[in-house]
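The block underneath contains the structure these notes are about, expressed in structure tokens.
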Amino acid sequence: MSQQFSEHWSRWIKASCAKHFSGISDETKFFVEGFVRDTENLPDWVEFRIDGPFIKEHTRESWELAIEINVLISVTEGVDIYRQEVIVGRVTELFLDCIRVYRYGNGPDDDQTELGCLELRKPSNREKLTVSNFGKLRPDTQLTQASVEGHYLMFLD
């Protein structure tokens with residue numbers, strides 16, 4: 001059966017990836033970019049964001065969807081000097097070779113079935129995952145930050 005373009009792909013991808021990455025830890029608060037968050041009294045937290053999908057139609061009803069996933073890790077200094085690395089390690093483990101995408105939602109097209117698999121790829125001349133340590137962004141704060149980034153592809157036909 002051929003795959004027709006769907007206006008829901010972006011939502012299904014974001015919902016599936018957010019659900020996947022929300023399993024980081026019971027002790028680290030998880031946020032999705034764009035939602036209200038209160039971090040004032042938290043010792044650490046992570047924020048998930050996604051760019052894309054970038055959609056190409058290769059042939060009639062054969063599609064390539066590319067996304068970039070970024071997870072920002074924020075840690076308050078003074079708790080544990082290795083806390084940021086511990087959370088970065090947990091986040092890195094969640095960048096699986098395949099993240100399953102499901103038709104999540106409550107609409108008529110949202111039947112909860114699997115749409116496909118986002119496959120972790122290695123962009124040309126780059127590492128499979130990129131971990132960036134930003135350190136302390138401002139001298140008047142006790143906050144350090146890091147991020148983990150990965151690039152994924154999914155083919156639908």
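The values are calculated or read from the model by the stated rules, or taken from the named source; none is laboratory data. Keep in mind it's a predicted model, so treat the numbers as computed, not measured. For neighbour counting, all protein chains shown are included, and Cβ atoms are generated from backbone atoms with ideal geometry for every residue, glycine included.
What to note about this one:
- Condition met for Ser25 (among the small types (Gly, Ala, Ser), in contact with an Asp or Glu (Cβ under 7 Å, 6 or more places away or on another chain) and either surrounded by fewer than 19 Cβ atoms within 10 Å (Cβ to Cβ) or farther than 19 Å from Gly150 by Cβ (or both)): no
Matching residues to (1) modelled with pLDDT under 90; (2) within 19 Å of Leu65 (Cα to Cα):
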{"residue": "Tyr82", "(1), (2)": "no, no"}
{"residue": "Val101", "(1), (2)": "no, yes"}
{"residue": "Asn106", "(1), (2)": "no, no"}
{"residue": "Leu115", "(1), (2)": "no, yes"}
{"residue": "Asn133", "(1), (2)": "no, no"}
{"residue": "Lys136", "(1), (2)": "yes, no"}
{"residue": "Thr141", "(1), (2)": "yes, no"}
{"residue": "Leu153", "(1), (2)": "no, yes"}
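- Residue in region 60-80 that is surrounded by 13 or more Cβ atoms within 10 Å (Cβ to Cβ), free of Cβ contacts under 8 Å to residues at least 40 places away in the same chain, in contact with an Asp or Glu (Cβ under 8 Å, 6 or more places away or on another chain) and over 15 Å from Thr28 (Cα atoms) present: no
- Meets criteria (under 20 Å from the mean Cα position of the chain (by Cα), under 17 Å from Asp44 (Cβ atoms) and basic (Lys, Arg)) for Arg103: no
- Looking only at region 117-157, and only at residues there that are of a type in the set (Asp, Glu) and more than 21 Å from the chain's Cα centre (by Cα), the one that is surrounded by the most Cβ atoms within 10 Å (Cβ to Cβ): Asp157
- Within region 29-42, residues that are without any contact (Cβ under 8 Å) to a residue 12 or more places away in the chain reach partners that are surrounded by 14 or more Cβ atoms within 10 Å (Cβ to Cβ) and hydrophobic (A, V, I, L, M, F, W, C) with beta carbons closer than 9 Å, at six or more positions or on different chains, in the pairs Arg37/Phe31; Arg37/Trp45.
- Index of the failed condition, Arg83 passing every other in (1) surrounded by fewer than 15 Cβ atoms within 10 Å (Cβ to Cβ); (2) basic (Lys, Arg); (3) touching a residue at least 24 places away in the same chain (Cβ under 8 Å): (1)
- Which numbered condition Glu114 fails, given (1) within 17 Å of the chain's Cα centre (by Cα); (2) closer than 14 Å to Ala15 by Cβ; (3) charged (D, E, K, R): (1)
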